[in-house]
1. Would you check which residues across region 114-143 are open to solvent by 60 Å² or more (accessible area, probe 1.4 Å) and either in contact with a Gly (Cβ under 8 Å, 6 or more places away or on another chain) or aliphatic (A, V, I, L, M) (or both) and list them?
2. Assess whether L139 counts as being over 12 Å from the mean Cα position of the chain (by Cα) and either within 30 Å of S333 (Cβ to Cβ) or free of Cβ contacts under 8 Å to residues at least 40 places away in the same chain (or both).
3. Determine, yes or no, whether T468 is at pLDDT below 90 and crowded, with 19+ Cβ neighbours inside 10 Å.
4. Restricting to region 181-222, and then to whatever is polar (S, T, N, Q) and open to solvent by less than 40 Å² (accessible area, probe 1.4 Å), can you tell me which residue is modelled with the lowest pLDDT?
5. Suppose the filter is open to solvent by 40 Å² or more (accessible area, probe 1.4 Å), polar (S, T, N, Q), in contact (Cβ under 8 Å) with a residue 24 or more places away in the chain and part of a helix (DSSP H, G or I); does Q111 pass it?
6. How about region 154-180: which of its residues are open to solvent by 30 Å² or more (accessible area, probe 1.4 Å) and farther than 19 Å from L304 by Cβ?
7. Pick from Q404, Q424: which is assigned to a helix (DSSP H, G or I), in contact with a Phe, Trp or Tyr (Cβ under 9 Å, 6 or more places away or on another chain) and free of Cβ contacts under 8 Å to residues at least 24 places away in the same chain?
8. List pairs: first in region 369-393 and more than 16 Å from Y33 (Cα to Cα), second surrounded by fewer than 13 Cβ atoms within 10 Å (Cβ to Cβ) and not basic (K, R), Cβ under 8 Å, 6+ apart or cross-chain?
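The values are calculated or read from the model by the stated rules, or taken from the named source; none is laboratory data. Predicted model, so just to flag it, every value in this text is computed and none were measured. Cβ placement follows ideal geometry from the backbone for every residue including glycine, while neighbour counts extend to all protein chains displayed. Surface areas here come from the heavy atoms of the whole protein model, side chains and all, with no ligands, DNA or RNA. Shrake-Rupley method; radii C 1.70, N 1.55, O 1.52, S 1.80 Å.
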Amino acid sequence: MNNQIKTGLPALQRAVVLTAITLLAGCSLMPTYERPTAPIASQWPASAAVNAPGDTTGAQSVPALAWQDYFTDPTLRQLIDTALVHNRDLKVAILNIELARAQLGIRQADQWPTVNAAALGSRSPNSDGDIKSAYSAGLTVTAYEIDFFGRVASLKEQALAQYLASAEASQSAQISLIATVAQIWMNLLADEELLAVSNQTLASRDESLKLVELRVKHGAASDFELRGAQTLRERARLVLALQLRQRALDENALELLLGQPLDEASRAQLTLRNLSQSSLPEVPAGLPSDLLVRRPDVRQAEQLLIASNANIGAARAAFFPRISLTAGAGSASTELAGLFKNGSWGWTLAPQLVLPIFDAGRNQANLDAARASRAIAVAQYEKTIQGAFREVADALASRATLKQQLQASQALLEVEEARNTLTQLRLDNGVASQLEWLDAKRSLFASQLEMVQTRLAYQQNQIALFKTLGGGASDPALQTENPEIKP
């Protein structure tokens, strides 16, 4: 090999060159990242009614609650575990992390030279008719970019932020899956309660209709009373049919989340438990600023903003010279047997500098696009925070009213049960009319259905608040602050 650059520089000169390279290599054109100010109020709206009387937990920062500590029902916990293993959407989110991790590894590898072993042999005739041979073997470094202006480092930071954003997206998908499984399980429990009420009511309406038909046959009741009893019976049949349809749809939705059919043990628990036996603890809301720490979708939006910020550094570096280095060290000989003998060793060093002169505005357009992308990322980040703030505020406001609604529904049901009993006694003793009796039956059935639906709404609100506050993550690998991959 021919020596293109020879040693022999004075020691001081070599030191100056190395120092300059080190300083230039540490140069970065990436803007300093500053987290945008959160465009939300410092306190929850008054309508949210965070605290109960005498309770101050909502006025301070509180830690997020793990889903295993929040959902204590063994059957529900088993269903959540099953969904976390078999749900396909969550699998895709986790595989996206692996993809982002691999892309980050590629960017980190770009910061280091690639060393290859190479061997070359050629034989060709010369002008005298003789065969000319050339053989070489050794180690080569091809087109290694010396990152004077931080282009490669900026791209690595962008890939790292993308990886962290993928991890946060996976965590967000996990929390959403946990909450959705819990909500649909509560739906199924409510479906079973509603079916029990409707079946019992339908059986009662059938018996009542038979009695009215018998009274009509003996002239003790009119056709108007008969039509009223038939109306009650058909209304109960209609409600039962709708509930059977909803029950089937909810089970199908749960099986899709689980990634497999609902097991018989869980199916049996549906008839043994009810909503009142599956109460959930209240979640303290904490401060609005907690959303920045708890909610993975907010952290994901910020990581995407950091990635856009790093991309500006790479776009700026494109305006400056790009220096690459090709080098090799090994043995060369005109005879294959002469390789690796004394005197055959040599090395080459071929640096290349490329300075953009005219690109028809391509680099400027790339920089403008990177700045626009960062502005979009800022707006998306702010929108995510505002959306998170509204979700929590809505859940808090609903919790305050649903608790009162649940108490009122319970009281109304007790009143309607007492009224129905008294009306039946009055009818049996000839004091009440058939119309009063029909009205009492209708009101009792409506109150029973309303009670189940109100209790379901309250439980669903508790789960929604748990989700919107960012609780529920169970995989510590998804919560790593800075999972750098070492080259």
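1. Matches in region 114-143: V115, A117, A119, L120, I131, L139, A143.
2. Answer is yes for this residue.
3. yes
4. That would be S208.
5. No.
6. Passing the criteria: only T180.
7. Q424
8. Every condition considered, the pairs that remain are I385/P39; Q386/P39; F389/A41; A393/S47.
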